[in-house]
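One structure is given here, and the rest of the page talks about it.
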Amino acid sequence: MKREEARMIAEELAKAIAPFNEEFFSAKQLAEFLKVSESYIRHNKELPCVKIGGSIRYPKSKVVKFVCNI
């Protein structure tokens, strides 16, 4: 494999895995970030969240966009 081919493959791979590089808040981290109670976070059904394993996590980029649009 030539260097240019390897670079192109690496770029395509980086694009493919980009959605999986998202950073997440836990409910406690998000509460500290927003300066609200953890209970408020857990009961707010409008906040963007995903379930990972048995835990609810809040994607940082989506939470920031959500908060900016309030």
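Miscellaneous remarks
- Boolean, residue 22 is at negative phi, of a type in the set (Asp, Glu) and in contact with a helix residue (DSSP H, G or I) (Cβ under 7 Å, 6 or more places away or on another chain): yes
Residues checked against (1) in contact with a strand residue (DSSP E or B) (Cβ under 8 Å, 6 or more places away or on another chain); (2) at pLDDT below 90; (3) under 20 Å from residue 66 (Cβ atoms); (4) not aliphatic (A, V, I, L, M):
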residue	(1), (2), (3), (4)
9	no, yes, no, no
15	no, yes, no, yes
19	no, yes, yes, yes
22	yes, yes, yes, yes
26	yes, no, yes, yes
30	yes, no, yes, no
33	yes, no, yes, yes
38	no, no, yes, yes
43	no, no, yes, yes
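- Close pairs from segment 14-34: first under 15 Å from residue 44 (Cβ atoms) and among the charged types (D, E, K, R), partner part of a helix (DSSP H, G or I) and modelled with pLDDT of 95 or more, Cβ under 7 Å, at least 6 apart: 28/38
- Residues of segment 45-59 classified as basic (Lys, Arg) and farther than 16 Å from residue 70 by Cβ, total: 2
- Residue 45 fulfils the conditions (1) part of a helix (DSSP H, G or I); (2) loosely packed, with under 11 Cβ neighbours inside 10 Å; (3) of a type outside the set (A, V, I, L, M) except for a single criterion, (1).
- The residue that is least open to solvent (accessible area, probe 1.4 Å), among those in segment 48-65 that are within 19 Å of residue 35 (Cβ to Cβ) and among the hydrophobic types (A, V, I, L, M, F, W, C), is 63.
- Verdict on residue 64 being outside any helix (DSSP H, G or I), among the β-branched types (Val, Ile, Thr) and out of contact with any helix residue (DSSP H, G or I) (no Cβ under 7 Å at 6 or more places or on another chain): no
- Only one entry of 33, 20 meets the criterion of being in a helix (DSSP H, G or I) and exposed (fewer than 10 other Cβ atoms within 10 Å of the Cβ), and that entry is 20.
The values are calculated or read from the model by the stated rules, or taken from the named source; none is laboratory data. Remember, predicted model here, so these are calculated numbers, not experimental data. Please note: Cβ atoms are built from the backbone with ideal geometry, for glycine as well, and neighbour counts cover all protein chains shown. The accessibility values were calculated without ligands, DNA or RNA, using every heavy atom of the protein model including side chains. Shrake-Rupley method; radii C 1.70, N 1.55, O 1.52, S 1.80 Å.
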